[in-house]
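Values quoted throughout were computed directly from the atomic coordinates according to the rules given, and no laboratory measurement underlies them. Predicted model only: the values in this text are computed from it and were never measured. Positions of Cβ are generated from backbone atoms using ideal geometry, with glycine treated the same way; all protein chains shown enter the neighbour counts.
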Amino acid sequence: TFHLAVVVDDALMGVTHVIRGQEHLTNTTKHAALYDALGFPRPQWVHLPSIMNADGSKMSKRDKVKAARKAAKDIKINIDHCAEYVYKVIIHGFFKPPETKLDKLINLPGTIALSEKDTATIKIKLWGGSAARPKGNSLIEEVKEAIHRFLDKEIDSIFIAEAIADYLDINLPEIDVADFRRSGYLPEVLLNYIALLGWNPGDDIERFDLKFLIERFDFKRIGKKNAQFDRAKLARFNAEVLASLPPDLFIKKLRNHFELFHPAFLKELDDNQGFATFAKMYQARSQTLDTPAILGRFFFEDPEDYDAKAVKKNLLKNDGEGLNVLREFRDVLERCDDWTADTLHKLIETFVAEKQLKNMGSVAQPLRVALTGSAVSPEIGPTLELLGKDTVLRRIDRCVKHAPAMRSSDA
């Protein structure tokens, strides 16, 4: 019935070209016979090579399932706690954005009423359409049972996979177009790259736009060999395009992405100039539109801990030279009334000259450790300005208090 339905449906819709994966090649003779028997004109069949992962497996939605299951088992996930989190996500209608603390979401009220229709729809998503789901259980019980069965490989629910990834704050491999959009890939870059999987325009051309693709695409240049999805190459394509954008256009695209996926970031950078400064900091180093949110997370979230190597090198080395610099420069910052990038940069230069320090890094690196938890940040002047005086002083105080203890723990 499947083959009959496919043929009749395509024929009645006037389909002239059937373009599908090569796994359907063996169906072609059956379909040709059905077209002839029913008196329909045959379409042109085109079979595309499969898209493979780097390990040689076929790229599919189950890659998300496998990644989430492995991560959950590796850390021995607390199923009760995870189920409570997923339940709160469901009744509040959202997965947590990266900037939402897990404990804040767990503490949201759990009394929001769902309609019977909404509950039924959610249960179907939980079980991935599996007929094996239990009947009559409460929603929280079904969430817990679904997670158990997911981990035992009895069901392959994408919903559960994404919920577990959200709970663990990990990224699953992008598979759907929506995944790549969420990760910050530009549509034109994704189109360009996907077009190269199993097809090429010749003349060693790799970079092109939609207009070029429409003009040059030809079935004859589709290859027979399976294509490997090279995520590093896609990221490189995307980074090159982002770096080449006019700054105003990059700012616009980044703002649009943050409005959709990182609204809390926009609230923290509450004026257009602040966001523009932030965007300019990260344009050259962004692989995707999500890179600034990942690298710049410290702008709205105090570091939970400090990189041990960064502390040792920039704060504790030479009998705590960097830590002493941080303490002294903290007093200079406290007296600063003009909290702008230029003024703050000059303050560092003056301090370096007065203290006869080696260079700007003698102050900037200890500051970076205190402010970000690592030795990496954008240019220090704009970073200080965007963080604001109160945040900078608070983070320095916290670092000065906790960093010396890392010397004894390291020993």
The chain: translational diffusion in µm²/s, Stokes-Einstein, Kirkwood Rh over Cα pairs, 37 °C, 0.692 mPa s
127
With Cα coordinates, the longest principal axis of the chain makes an angle with the long axis of helix 139-151, in degrees rounded to 10, of 80
Can you list the residues, at least 5 places off or on another chain, whose amide H is less than 5 Å from the amide H of Leu48, using H built in the peptide plane?
Arg20, Gly21, Gln22
List the equivalent ellipsoid semi-axes of segment 308-410 in whole Å, largest first, each obtained as the square root of 5λ for an eigenvalue λ of the Cα gyration tensor.
21, 15, 12
Anything over 22 Å Cα to Cα? Flag those among Lys30/Lys225; Lys313/Lys401; Lys88/Lys123; Lys317/Lys346; Lys125/Lys253, in the order listed.
Lys30/Lys225; Lys317/Lys346; Lys125/Lys253
Net charge dipole size for segment 182-290 [Lys, Arg +1 and Asp, Glu -1 on Cβ; Debye, nearest 20]:
400
Run the Debye formula on the Cα coordinates of segment 214-349, all scatterers equal and no solvent, and tell me log10 I(q)/I(0) at q = 0.09 1/Å.
-0.47
A correct Karplus calculation of ³J(HN,Hα) over segment 319-333, with 6.51 cos²θ - 1.76 cosθ + 1.60, θ = phi - 60°, whole Hz and x for Gly and Pro, returns 6, x, 4, x, 5, 5, 4, 4, 4, 5, 6, 4, 5, 5, 5
So if I take the centroid of the Cα atoms in segment 244-268 and the same for segment 160-201, what is the distance between those two points in Å?
19
Rounded to whole Hz, the Karplus (6.51, -1.76, 1.60) HN-Hα couplings of segment 376-384, x for glycine and proline:
10, 6, x, 3, 5, x, x, 4, 4
Nearest 10 degrees, 0 to 90: what angle lies between the long axis of helix 62-74 and the longest principal axis of the chain (Cα atoms)?
40
Within the under-11-Å Cβ sphere about Gly198, not counting Gly198, Lys/Arg +1 and Asp/Glu -1 give a net charge of +3
Among 375-383, 57-65, the order from most to least packed when residues are scored by Cβ within 10 Å on average:
375-383, 57-65
With every atom except the alpha carbons ignored, what do you get for Rg and Dmax of segment 2-48, in angstroms?
9.8, 27
Only helical DSSP H runs with n ≥ 4 go in: add -39500 (n - 2.57) per run for the chain, normalise by residue count and round the 222 nm mean residue ellipticity to 500 deg cm²/dmol.
-17500 deg cm²/dmol
When Val241, Val392 are arranged by how many other beta-carbons sit within 10 Å of their Cβ, fewest first, they go Val241, Val392
At Arg207 and Lys30, where each label point lies 7 Å from the Cα along Cα→Cβ, what is the point-to-point distance in nanometres?
4.6
Taking Cα atoms, how many degrees apart are the long axis of helix 247-261 and the longest axis of the chain, rounded to 10 and kept between 0 and 90?
70
